[in-house]
Every structure is written in C-alpha cells, then in structure tokens.
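Data first, discussion second: the structure below is written as structure tokens.
The values are calculated or read from the model by the stated rules, or taken from the named source; none is laboratory data. Being a predicted model, the structure only gives us computed values, none of them experimental. Cβ placement follows ideal geometry from the backbone for every residue including glycine, while neighbour counts extend to all protein chains displayed.
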Amino acid sequence: MKPFHTISVALAALLVACSGEQPVKTTAGGSLASCTTRSYEEIGGPFTLTNQDGVEVTEEDFKGRPTLIYFGFTYCPDVCPGTLVGIANAYRSLPEDIEPPQTLLISVDPERDTPEALKTYVASNAFPDNLVGLTGTPEQIAAVADEFFVGYDRIETPESAGDYTMDHTSLLYLMDEDWKLKTFFAEGDSNPEDMATCLAQLLRQ
C-alpha cells in the first residue's frame with residue numbers, strides 16, 4: 001500500500017459519509033492551491049478492471065486523451081449522482097473549442113456494482129455523455145483505490161433496503177494523456193463553473 005507520507009504536500013481529502021453522517025474533512029492547504037498546482041506524481045497508476053460492457057480494460061485503454069476519474073457506487077443516494085451531474089454541468093460550461101475529458105466512474109462497491117448494474121447507471125441522461133463505469137474484484141478495486149489514495153469503508157445499515165452503504169473519499173482526478181495527474185478537485189471547491197474554468201485552462205496547455 002502506498003504510504004501517505006510520500007506526498008510532500010497533503011491533499012485536501014474528503015471522506016463522504018453516504019450513510020447519512022456529516023462528511024469528515026482533512027484539509028492541508030487544499031483551498032490555497034490553485035487548480036494548476038495540484039499535480040502529484042505519487043497519485044495514479046496502473047489498473048485492471050472491467051467496464052460496463054463486461055470488457056477487461058487497463059489504464060492503457062484511456063491514454064491518449066485527458067481522463068476525469070471519480071470513485072463512487074451506484075447505490076449512493078445523493079453524493080455520487082450529484083457529483084456526476086455537476087461534472088456534466090461543468091462540461092456544458094466549457095468553451096466550444098475544448099473537448100471534455102473522457103470520464104470514468106470506478107466503483108468502490110464491487111459486490112453490487114456488476115457490469116450490468118453499471119451499464120444501466122452510467123446511461124443516465126443527467127450524467128456525462130462519455131461516462132464509463134468500471135468495476136472488478138475486491139482485490140482489483142483495493143489496488144486501484146490505493147493508487148489514487150482513495151479510502152472507502154462498508155457501513156452496515158440493516159434498517160435500509162440496501163443492507164449497507166459505502167463511505168468513500170470524494171475527489172475528482174484529472175489525468176493527462178500519459179496517465180499523469182494534472183489536478184484534482186475536492187468536494188466544496190469544485191462547483192461546475194470553477195471546474196469548467198480550471199479544465200479549460202489545463203486542457204489548453
């Protein structure tokens with residue numbers, strides 16, 4: 001597992017409590033760093049996962065153009081769909097000459113998020129048109145989460161229809177054409193307008 005102390009400047013990390021509790025924030029200068037100074041070579045790495053069509057893919061399949069990555073799950077009641085809607089709104093706010101990055105939803109709930117479940121979920125008209133859902137074995141999900149310093153935890157909710165929910169880090173990661181982190185967006189500083197401004201600036205470089 002990648003040690004967090006290898007990152008010289010700490011991330012503004014947000015653990016979303018999808019069980020209904022308040023989010024737990026740890027901030028270390030996140031709001032002070034502009035969108036162009038949030039690139040850490042320690043974040044991001046190789047993976048092997050399965051897309052919503054049941055096809056095995058790796059990071060190599062997404063090289064060649066920028067990629068925006070979000071870790072979430074289909075049973076998430078509000079934070080995940082709200083984030084994906086926000087991404088779609090940001091893309092619509094981009095200048096006409098800027099092509100939106102390809103967009104990945106990596107599930108932290110492989111038990112329920114089968115390719116079939118993801119295929120239905122990512123097809124929502126409210127989400128980005130180019131959204132790809134990725135899942136895998138618990139070991140594969142743990143490995144890719146480790147590469148992106150994503151924390152997640154299963155929370156039992158026996159009183160609910162779903163029996164459990166998943167608390168998880170809520171960050172958006174923008175990878176460049178070579179699968180290197182260009183920036184990240186934390187919850188609270190990634191409204192669609194600001195995200196669009198940042199994306200336009202970085203994607204023009």
Exercise for the section: Would you kindly identify the helices (runs of 4 or more DSSP H) lying entirely within segment 106-205 that contain at least 1 residues that are in contact with a helix residue (DSSP H, G or I) (Cβ under 6 Å, 6 or more places away or on another chain) and farther than 18 Å from P81 by Cβ? Expected result: 192-203
Exercise for the section: Taking F71 as the residue in question, decide whether it is closer than 15 Å to F184 by Cα, within 15 Å of the chain's Cα centre (by Cα) and either among the polar types (S, T, N, Q) or buried (at least 17 other Cβ atoms within 10 Å of the Cβ) (or both). Expected result: yes
Problem - Conditions (1) more than 20 Å from F149 (Cβ to Cβ); (2) touching a residue at least 12 places away in the same chain (Cβ under 8 Å); (3) assigned to a helix (DSSP H, G or I); number of the one not met by D61 - result: (2)
Exercise for the section: Considering only segment 163-179, state which residues are under 15 Å from the mean Cα position of the chain (by Cα) and not small (G, A, S). Expected result: M166, D167, H168, T169, L171, L172, Y173, L174, M175, D176, W179
Handout entry: Hey, D163 more than 14 Å from S34 (Cα to Cα), in contact with a His (Cβ under 8 Å, 6 or more places away or on another chain) and without any contact (Cβ under 8 Å) to a residue 60 or more places away in the chain or not
Key = no
Exercise for the section: Among the residues of segment 64-84, write down those that are part of a loop (DSSP other than H, G, I, E, B), under 17 Å from P110 (Cα atoms) and of a type outside the set (A, V, I, L, M, F, W, C). Expected result: T74, Y75, P77
Practice task
Among the residues of segment 28-57, count how many are touching a strand residue (DSSP E or B) at 6+ places or on another chain (Cβ under 8 Å), loosely packed, with under 12 Cβ neighbours inside 10 Å and at pLDDT 95 or above.
Solution key: 2
